[in-house]
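**Student:** Sharing a structure with you now.
The values are calculated or read from the model by the stated rules, or taken from the named source; none is laboratory data. Computed from a prediction, not measured in an experiment: that's the story for all the values here. Counting neighbours? That spans all protein chains shown, and the Cβs are built from the backbone with ideal geometry, glycine included. SASA here: full protein model, heavy atoms, side chains in, ligands and nucleic acids out. Shrake-Rupley method; radii C 1.70, N 1.55, O 1.52, S 1.80 Å.
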Amino acid sequence: MYGTYQQQERLTEDDILQGMLESRQRFAKLDNSRGYQHSFRKKSKWELVRLSLLIVGIECTYATETALVAPILLGIGLPHTVMTMIWATPSLAGLLFAPVIASVSDRLRSRWGRRRPVLLALGCTILTGMLVLPNGPAIGELVGLTSVGWVATITTVGLIMSDFSAETSNGLCRTYAMEVCTIRDQARVLSIMVLTGGIGATMGALFGAINWNRLGIGRLLGGNGPSVFAANWIVLFVGLLVTLTSFSEIPLPVQESEPMLRPVTQKMLLDEVKRAQGEGRVQDEKEEVQEVVGFRQFVHNVLHMPRSMKVLCLTQLLSHMSYLTYCLYYTDFVGATVYEGDVRALKGSAAAERYDDGVRFACLGMALCSTTSSIYSVFIEGLIVRFGARPVYVGGLLAHCCGMLAMGLMPHKLVVFGCCALTGVMYATIYSIPFLLISHYHSKNCFTEVDGQYVESIEPRGFGVDVSMMSSMLCLAQLIVSLAIGAVIDAVGSTIIITFISSAFMLCAAGSAMAILYMGL
């Protein structure tokens, strides 16, 4: 993937990398009590799965929220307009605070590392929010605040805590995993994270499909909704515990004081290749400390992103706008358009039953989407090696584009079910390749191409900040979709319009992906 350099000693780039890693691993073993030697060796598949288990809990949380938040808010007595506005609040919080939290993690000097303390705090916030969200009425009754306004406020606080913290943790978990892996393992761990994320989403859907009241658990925990969130809580707790105890990070002060304990980046590898080839003096290793970006520099990074990052963020924004248009309204589209049901019909009427049947059928389609995403993620790394990142990225986006267009033109059961598999291909794509590209940019410290040559950046950019900005595109997309698409559906008078809107967004994303700087990946 990274090319081969022919040298007088006939050492390949992989040979030089292996030598660099082995020398650092031997140095780290001199003090086994700190346990940093793992950072310089290849990880097994099980070790990469351990790093990815938090993603299972996060994706399970997303699936649970998608299925149950709207019924919870409507059950309180809120109108659809207010319910939609509440859905936008976590997105707004994410846009304002997620990059700031990532910037703090870039500069954290804790002995426990930079990412894990922040992930622990966010994980505890998610777990607390998941207890508050489905139990708003019970909490309101406990504290003597039983009006619709107060119960809605309590529930909204739980939603913000869980959704905002889950989204922020999503990017930071990937950052942590890539930083404790060698540069050759980064693509592997991202692919495994997409695989485990699909498993988590499927688990969330299955939890929602279970009738917990029949099992007796629902009566014990206060209903079906709290039972689903309780099952999700256990999955998230286990994932958080396993991931945060998987591998220790090398603290920032240690990296600053001991050059041999700094993770090997692609730039360091290329400098070593040049040194071996005798191409002149390269930068001293003391300049190779990972970027530590202060708040002022963080704001500058956000406002003055290089063109490569702007195009990548735009592509991710359009991709998420397309996916969320499908995700948030797919069940309603199938129930109302494919099954010709009516959500407002009297309970027990033929129209209401058709709508409920359509929603259940749509859940099967979304389960197919998650399963396909997991399976396809296994092959992404190999496809990138064989065909290159550009064809794989653009092809994955166009798969969803064609699927949405087919749904709109032929709204039949088999079509809307089968096309969900194409959406799964897209989902695996947008949660792996963009993060791999950011890692590629930072490892080479290059964000710009001039006359076919990659130009090394002279300004420090925080890796965690850039990953978080990429994750924040989901927050911005959710905010736009939540505030705009509902009005479009009301104006048109049919949910079929969401398929064409989703297809158009993804077509624009594919065009933007063609302009991304891939740097030979």
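**Student:** Within the range 79-124, how many residues turn out to be open to solvent by less than 10 Å² (accessible area, probe 1.4 Å) and touching a Lys or Arg at 6+ places or on another chain (Cβ under 6 Å)?
**Tutor:** Number satisfying all stated conditions: 1.
**Student:** Confirm whether Leu54 is open to solvent by 10 Å² or more (accessible area, probe 1.4 Å) and farther than 15 Å from Leu328 by Cα.
**Tutor:** No; evaluated as a whole, the condition is false for this residue.
**Student:** Follow-up. Mind checking which residues of the range 327-378 are surrounded by 19 or more Cβ atoms within 10 Å (Cβ to Cβ), over 26 Å from the mean Cα position of the chain (by Cα) and charged (D, E, K, R)?
**Tutor:** none
**Student:** Here's something else I'd like to know. For the range 152-167, which residues satisfy the criterion of being open to solvent by 10 Å² or more (accessible area, probe 1.4 Å) and either of a type in the set (Val, Ile, Thr) or within 14 Å of the chain's Cα centre (by Cα) (or both)?
**Tutor:** Once the filter is applied, which keeps residues that are open to solvent by 10 Å² or more (accessible area, probe 1.4 Å) and either of a type in the set (Val, Ile, Thr) or within 14 Å of the chain's Cα centre (by Cα) (or both), the range 152-167 yields Thr153, Ile154, Thr156, Val157, Ile160, Asp163, Phe164, Glu167.
**Student:** Can you find, within the range 309-326, the residue that is nearest to the chain's Cα centre (by Cα) among those that are crowded, with 22+ Cβ neighbours inside 10 Å and β-branched (Val, Ile, Thr)?
**Tutor:** Going through the qualifying residues, I end up with Thr315.
**Student:** Separate question: Going through the range 382-392 one residue at a time, which ones are in contact (Cβ under 8 Å) with a residue 60 or more places away in the chain and either over 30 Å from the mean Cα position of the chain (by Cα) or open to solvent by 70 Å² or more (accessible area, probe 1.4 Å) (or both)?
**Tutor:** Result: Val385, Arg390.
**Student:** Any residue in the range 353-381 that is closer than 17 Å to Leu48 by Cβ sitting within a Cβ distance under 7 Å of a residue that is modelled with pLDDT under 80 and surrounded by 17 or more Cβ atoms within 10 Å (Cβ to Cβ)? List the pairs, counting only those 6 or more apart or interchain.
**Tutor:** From residues that are closer than 17 Å to Leu48 by Cβ, the pairs are Ser377/Ser191; Ser377/Val194; Val378/Ser191; Ile380/Ser191; Glu381/Ala187; Glu381/Ser191.
**Student:** Here's something else I'd like to know. Can Leu409 be described as out of contact with any Lys or Arg (no Cβ under 7 Å at 6 or more places or on another chain) and in contact (Cβ under 8 Å) with a residue 12 or more places away in the chain?
**Tutor:** no
**Student:** If a residue must be of a type outside the set (A, V, I, L, M) and over 30 Å from Val392 (Cβ atoms), how many such residues does the range 483-521 contain?
**Tutor:** Going through the range 483-521 one residue at a time, the tally reaches 5.
**Student:** Is one or more of the residues making up the range 183-201 in contact with a Lys or Arg (Cβ under 7 Å, 6 or more places away or on another chain), open to solvent by less than 20 Å² (accessible area, probe 1.4 Å) and assigned to a loop (DSSP other than H, G, I, E, B)?
**Tutor:** Scanning the range 183-201 turns up at least one residue that is in contact with a Lys or Arg (Cβ under 7 Å, 6 or more places away or on another chain), open to solvent by less than 20 Å² (accessible area, probe 1.4 Å) and assigned to a loop (DSSP other than H, G, I, E, B).
**Student:** Now a separate question. Which number in (1) open to solvent by less than 30 Å² (accessible area, probe 1.4 Å); (2) over 20 Å from Ser39 (Cα atoms); (3) touching a Leu at 6+ places or on another chain (Cβ under 9 Å); (4) at pLDDT 80 or above marks the one condition that Phe237 misses?
**Tutor:** (1)
**Student:** Among the numbered criteria (1) touching a Lys or Arg at 6+ places or on another chain (Cβ under 9 Å); (2) over 27 Å from Ala421 (Cβ atoms), which single criterion is violated by Ile217?
**Tutor:** Unmet condition: (1).
**Student:** Another question, if that's okay. Among the listed residues Ile72, Ile101, which satisfies the condition of being in a helix (DSSP H, G or I) and modelled with pLDDT of 80 or more?
**Tutor:** When all the criteria are applied, what remains is Ile101.
**Student:** Sticking with this one: Find the helices (runs of 4 or more DSSP H) located wholly in the range 393-507 whose residues include 2 or more that are farther than 24 Å from Arg360 by Cα and open to solvent by 30 Å² or more (accessible area, probe 1.4 Å), and list them.
**Tutor:** 463-492
**Student:** Could you run through the range 125-134 and say how many residues are over 19 Å from the mean Cα position of the chain (by Cα), surrounded by fewer than 22 Cβ atoms within 10 Å (Cβ to Cβ) and aliphatic (A, V, I, L, M)?
**Tutor:** 2
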